[in-house]
Each structure stands twice: as C-alpha cells, then as structure tokens.
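Below is one structure, written out as structure tokens; the observations come after it.
The values are calculated or read from the model by the stated rules, or taken from the named source; none is laboratory data. What you see is a predicted model, and the numbers here were worked out from it, not measured in a lab. Glycine gets a Cβ as well: all are built from the backbone with ideal geometry, and neighbour counts include every protein chain shown.
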C-alpha cells in the first residue's frame, strides 16, 4: 500500500492534517494544495451524481429516521417478526452492526401504518431501569413500572382516543397509572391527558382502589393488555432493544441477559392475550440465555438476522440509488475498469455486516474525494486498499459471471452458453423467467405459485415449488450445494441474483 495513502487514512480518522495523493500518484501536502485544484468531499459527491449527499453517512438507526424506508432491504427476517393472524412474542437476534435497530424501526413504522390501531411501548433505554434498581437485581415489577411509564406517554400520543366514555373502573385505573407513572410526560402531553380527563392528582383518595402495586405481576400485565384493548388498540406491543448499550452490558453478554431474565424466565408473561413482546437483541445475549436454559424456543419464536453478500449488494444498490436520485446504481460506475467488481468485493469484505459495508463505503468516498481533481474523479485500486486497511478488512478475490437470458431464450453465464438451459421444462422456464423479471426482489411462495403454475394446475402443497426450485438450482448453479444465483431464504422466499 502507498505509504502516503496509508498516512492519509490514519490522519482522517484522527482529525490530523495529512498528505494527499492525487490520482496521478505524486505526493501533495496541504501546504501546497493550491497548486492543484482539489475538490471537497461535497463537491466530489455532486460531480459524480450523489445529489442527496454521502450514501454511507447514515450508519445508525437513530440517525436514519425518515430515510430508512427509502433503502431498507426487504429482508426475510423482517417479514418473520410481523404477525399475520396470531399475535406472538418474537426474538430477533444478530451480531452488532447487523441492522437489528433498523429492523426494529421498520417494524414500528409498519405498526403505525397498520389498518388496526396498535399500541407501542418502546423499551430501548435501560438506564432508568438500572438506576431505579440501585444495584439490586431487576425483577418483573421493575419492568412493569417502566412499561407503565411508557404506557402513559403512549396514552398522550393516541391519535384517536375512544369517543365513548370509559366505564368507571377503566377510567380509575387509567387515572391512577397516569398520576403515578407520568414521569416522562412533556407539558404538552400533560395538557392532552388533562383534556381527556385522564390526569388526576396523585393524592386523590378515589384512586386508591385502583392501585396496581398490590396486584400479582401477571394480573398487572394482563390489566395493561386489557386497558389497551379498551382504548381501541388491537394489540399492545412491547418493543425491546438496546440491552447491550449500557456500560455494564456492552462487553458482558451475561449481564445483558440478566436484564431479560424477569421476562423470559416467566413464560406466562409472554403469553398474556393482547400483549406481545418483540425483542431485538445481540446474538451474544441469546447465547447467554441459552447457556442458562432460560430461552424457551418452543414457546417464543427466535429468528436470526444474517446477511449474505447478495443481500448486502441489494442494500448497497438501494443506498446508491436513493442518494443519487437514480443516477448511480453501483460504485463500479464511478471506478476505473480494473474495479468492475468493486461492489461485490466490498460486500464480501463486509463479512455479513451492514455497518462494516457502510464504513468501507464511507472511507472509500472520503479517501477518493480528498485526492480527486476535476480531471480525475474515479475510484482507483489505491483508494480501495486504503479503505480496506482503515477498516481492518481484506480484499476478496471474486468474479461471478452475470446471468443473462437472451431474446431467443438461451441462458448465458457471462460469455458462456448454459447448454443445460435448453433442457428446462416449461414449468422450470416459467419459474426462471418470473424470477428473472423480478431479480433482486424477494418473491414469496404464494406469489410464485400464483404466477408460475397455470390457474387450473395450482399445486396443493408448497413443497412443489421447493422441488421445482431445487431442479432449477441444479441446472443454473456451478455448485448446487452453495447457490449464488437462485437463493432460497427462510420463510419461503426466493430471489435471483447477479442478473446482467
């Protein structure tokens, strides 16, 4: 690696003044930078087509907010946590940097746009729970108290409260909860609750009969679900995230697991009608729970969020397209021909981590932009190597021939004709053509059955599609044991990759 580029990458991370190497390769320092017209990162982004800014700048779910839905990848794990029919508690786990919190935000967005009103209680900041416990083990009542505080905030934010007056008992419980657990209310929210008649003085003698403190924990959780239903909400979802973001838990999975023991150690709490828990937690915490045999996976669905290189390519393509308003679909478009596989190389180097992919892309852009001139804007191998070194990643050697179906129906992998493609059955051909037309998109089993089989020949079982896809994989794939073109995902989804 060029030592000047290495010095530049280290200096960028430390905020130092550093030497810059223009694409021509000669050393240039900030002292004589005026001798060559260099571009700022913002200028470089605009010149190459990124009209909306740096596509890799937003790496954290809390920063993405309103933009997340524009480039979110339709991941099978996301579909697996959405309840269709039966409401259930679910654990989604993944290593850090794999998109747990982004998936959580998309789930919250889905709930907010659902046809039936849903009440969301997002327990994502565990510091107040830990501080109130004052060193004592956290128990079910500690979790209940925090959820009641979140419930009060949700009450104030209800867009359409019930028009009919609540019966006395319902109103009594609500007023006691608001009076006792209104710690997080803003002044404007207090005004809303006062106008709705739910804000009372904590000393009201009339509310003593409605105290939840003396109720058994299971009864109190059940009452919380019942109150949500009385307010017109079909389900009350408790969203749990951030268990590894405390000083005590960031480096100790067992301590993070301790926060969840009061919940997962009492399976009856997870099965209260009308109440469901959605947990977004690190895989290390799940491993600690399994080691202690506290995870009843026969009673609570446990889903792993993992990323293939193909799915990371989709994420990369989505981001590039959104931030360039469709002008840039791949990094290879703005690279010299030698980097024709730049996008695939970055995705494999990211090793299944979306955050690593975003870090690699951000370093690549920053390094290239700081050494670009009006005459040379393109990515070069030295920029790629500097980005890899900065992230501690390695450059993979890959080369996947694109799949192409010619107008005469012949199937090509790069420049090579796939002779076996001539022997596809009509049904195999229909499946391939449909996936080809919708390449890069998750296609569900029901969608494929409806569009591949003739209406009068629809199979009675979904295994027919799996067997058909298996036969197609044997034809397409260089190694059917490790498919790279036709991928079958958890939940009955299929996607076709590397279409050229």
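Can you pull out the residues in region 179-195 that are surrounded by 17 or more Cβ atoms within 10 Å (Cβ to Cβ) and outside any helix (DSSP H, G or I)?
Those that are surrounded by 17 or more Cβ atoms within 10 Å (Cβ to Cβ) and outside any helix (DSSP H, G or I): 181, 182, 185.
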- [ ] Can you work out which of the residues in region 226-253 that are within 18 Å of residue 87 (Cα to Cα) and under 26 Å from the mean Cα position of the chain (by Cα) is surrounded by the fewest Cβ atoms within 10 Å (Cβ to Cβ)?
- [x] 234
TODO: Kindly indicate whether any position in region 194-202 is within 15 Å of residue 119 (Cβ to Cβ) and touching a helix residue (DSSP H, G or I) at 6+ places or on another chain (Cβ under 7 Å).
DONE: yes
Task: Members of region 115-128 found to be surrounded by fewer than 16 Cβ atoms within 10 Å (Cβ to Cβ) and in contact (Cβ under 8 Å) with a residue 24 or more places away in the chain, listed by number - done: 116, 125, 127
TODO: Search region 94-111 for residues that are outside the structural domain of residue 279 (by TED's automatic domain parsing) and pair each with any residue that is in a helix (DSSP H, G or I) when their beta-carbon atoms are under 9 Å apart and the residues are at least 6 apart or on different chains.
DONE: none
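Could you check region 466-476 and list, in sequence order, the residues that are free of Cβ contacts under 8 Å to residues at least 40 places away in the same chain and either in contact with a strand residue (DSSP E or B) (Cβ under 8 Å, 6 or more places away or on another chain) or part of a loop (DSSP other than H, G, I, E, B) (or both)? So that I can check it myself, show each step before the final result.
Going residue by residue through region 466-476, those that are free of Cβ contacts under 8 Å to residues at least 40 places away in the same chain are 466-467, 469-470, 473-474.
Matches in region 466-476: 466, 469, 473.
One line per residue, one yes/no per condition, for (1) more than 28 Å from residue 210 (Cα to Cα); (2) assigned to a loop (DSSP other than H, G, I, E, B); (3) assigned by TED's automatic domain parsing to the domain that holds residue 131:
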{"site": "237", "(1), (2), (3)": "no, no, yes"}
{"site": "244", "(1), (2), (3)": "yes, yes, yes"}
{"site": "248", "(1), (2), (3)": "yes, yes, yes"}
{"site": "254", "(1), (2), (3)": "yes, no, yes"}
{"site": "285", "(1), (2), (3)": "yes, no, yes"}
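Restricting to region 267-283, what's the tally of residues that are part of a loop (DSSP other than H, G, I, E, B) and touching a helix residue (DSSP H, G or I) at 6+ places or on another chain (Cβ under 8 Å)?
To start, the set of residues in region 267-283 that are part of a loop (DSSP other than H, G, I, E, B) comprises 267-268, 272-274.
Those still in the list that are touching a helix residue (DSSP H, G or I) at 6+ places or on another chain (Cβ under 8 Å) too: 268, 272-274.
Within region 267-283, residues that are part of a loop (DSSP other than H, G, I, E, B) and touching a helix residue (DSSP H, G or I) at 6+ places or on another chain (Cβ under 8 Å) number 4.
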Open item on the list: Take residues that are surrounded by fewer than 17 Cβ atoms within 10 Å (Cβ to Cβ) and tell me which of the helices (runs of 4 or more DSSP H) falling wholly in region 357-458 contain 2 or more.
Closed with: 426-437, 445-452
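Going through 105, 88, 96 one at a time, which residue ends up being on the phi < 0 side of the Ramachandran plot and assigned to a helix (DSSP H, G or I)?
Going through 105, 88, 96 in turn, the sole match is 105.
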TODO: Please go through region 141-178 and pick out each residue that is assigned to a helix (DSSP H, G or I), over 22 Å from residue 216 (Cβ atoms) and out of contact with any helix residue (DSSP H, G or I) (no Cβ under 8 Å at 6 or more places or on another chain).
DONE: 154, 168, 171
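Which one is surrounded by the most Cβ atoms within 10 Å (Cβ to Cβ), of the residues in region 70-82 that are over 15 Å from residue 93 (Cβ atoms) and over 10 Å from the mean Cα position of the chain (by Cα)?
Step one: filter region 70-82 for residues over 15 Å from residue 93 (Cβ atoms), giving 70-74, 79, 82.
Checking the rest, the ones that are also over 10 Å from the mean Cα position of the chain (by Cα) come to 70-71, 79, 82.
On the way: 70: 13, 71: 20, 79: 17, 82: 13.
Among residues in region 70-82 that are over 15 Å from residue 93 (Cβ atoms) and over 10 Å from the mean Cα position of the chain (by Cα), the one surrounded by the most Cβ atoms within 10 Å (Cβ to Cβ) is 71.
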TODO: Confirm whether residue 307 is part of a loop (DSSP other than H, G, I, E, B) and either touching a helix residue (DSSP H, G or I) at 6+ places or on another chain (Cβ under 7 Å) or surrounded by fewer than 16 Cβ atoms within 10 Å (Cβ to Cβ) (or both).
DONE: yes
- [ ] Name every residue in region 272-295 that is farther than 19 Å from residue 250 by Cα, surrounded by fewer than 19 Cβ atoms within 10 Å (Cβ to Cβ) and touching a residue at least 40 places away in the same chain (Cβ under 8 Å), in order of residue number.
- [x] 273, 274
Open item on the list: Please verify whether residue 52 is part of a helix (DSSP H, G or I) and modelled with pLDDT of 75 or more, treating the condition exactly as stated.
Closed with: no
